[in-house]
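Peer 1: Dropping the structure in here first, questions after.
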Amino acid sequence: KFCRRAAEPHSRLIVLTDFDRTLSAYKGKDGRPCDECHDIVLNHCRSDDGWKSDVADFWAAFRQKISSPAADESKLERCQWFWNTANDLMKRHRLSRDDLRQALDAANTV
């Protein structure tokens, strides 16, 4: 399935990243560490105040969660929280294909 999708015209491809850096370069277009995974969307998708505020709140909650995890919370549970919360944020803001293209164009990803 992946090979078939990769062979399709790039206009149908939205975002392809790999969070563990097995496929992407570590360094971005400007030589600094590249944006990856949810960072591309969360940090580059929109400029409206509602999005920026919700993303700032998300990152604050994430920093709190990883700096002082609950004693009974596993690393897997924290990862699931990240993915679920980030994806819910994107759904709540009803991101469009154009939003995703804009984010990818602005990201420091090769």
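Peer 1: Which of (1) under 27 Å from residue 26 (Cβ atoms); (2) at pLDDT below 90 does residue 77 not meet, given it meets every other one?
Peer 2: Checking residue 77 against (1) under 27 Å from residue 26 (Cβ atoms); (2) at pLDDT below 90, the one that fails is (1).
Peer 1: To continue, here is another question. When the residues of the range 66-110 are narrowed to those that are of a type in the set (Ser, Thr, Tyr) and part of a helix (DSSP H, G or I), which ends up most open to solvent (accessible area, probe 1.4 Å)?
Peer 2: Quick first cut of the range 66-110, residues of a type in the set (Ser, Thr, Tyr) only: 67-68, 74, 85, 96, 109.
Among the residues that remain, those that are also part of a helix (DSSP H, G or I) are: 67, 85.
On the way: 67: 87, 85: 44 Å².
My answer is 67.
Peer 1: Look at residue 70 and say whether it is touching a helix residue (DSSP H, G or I) at 6+ places or on another chain (Cβ under 9 Å), of a type in the set (A, V, I, L, M, F, W, C) and farther than 26 Å from residue 26 by Cβ.
Peer 2: Details: touching a helix residue (DSSP H, G or I) at 6+ places or on another chain (Cβ under 9 Å): yes; of a type in the set (A, V, I, L, M, F, W, C): yes; farther than 26 Å from residue 26 by Cβ: yes.
It is true that residue 70 is touching a helix residue (DSSP H, G or I) at 6+ places or on another chain (Cβ under 9 Å), of a type in the set (A, V, I, L, M, F, W, C) and farther than 26 Å from residue 26 by Cβ.
Peer 1: Then there is this: Restricting to the range 82-94, give me the number of residues that are touching a helix residue (DSSP H, G or I) at 6+ places or on another chain (Cβ under 9 Å) and over 13 Å from residue 38 (Cα atoms). Before the answer, list the steps.
Peer 2: Taking the range 82-94 first, the residues touching a helix residue (DSSP H, G or I) at 6+ places or on another chain (Cβ under 9 Å) are 82-83, 85-87, 89-90, 92-93.
Applying the additional criterion that residues be over 13 Å from residue 38 (Cα atoms) yields 92-93.
Summing the residues that are touching a helix residue (DSSP H, G or I) at 6+ places or on another chain (Cβ under 9 Å) and over 13 Å from residue 38 (Cα atoms) in the range 82-94 gives 2.
Peer 1: Then there's this: For residue 63, state whether it is assigned to a helix (DSSP H, G or I), charged (D, E, K, R) and modelled with pLDDT under 85.
Peer 2: Values: assigned to a helix (DSSP H, G or I): yes; charged (D, E, K, R): yes; modelled with pLDDT under 85: no.
No.
Peer 1: Another one. Name every residue in the range 26-52 that is open to solvent by 50 Å² or more (accessible area, probe 1.4 Å) and outside any helix (DSSP H, G or I), in order of residue number.
Peer 2: If the condition is that a residue be open to solvent by 50 Å² or more (accessible area, probe 1.4 Å) and outside any helix (DSSP H, G or I), then 26, 27, 29, 30, 32, 33, 46, 47, 48 are the ones that fit.
The values are calculated or read from the model by the stated rules, or taken from the named source; none is laboratory data. Please read all numbers here as calculations on a predicted model, not as lab measurements. Cβ coordinates were reconstructed from backbone atoms using ideal geometry, including for glycine residues, and neighbour counts include every protein chain displayed. The area values use the complete protein model at the heavy-atom level, side chains included, leaving out ligands, DNA and RNA. Shrake-Rupley method; radii C 1.70, N 1.55, O 1.52, S 1.80 Å.
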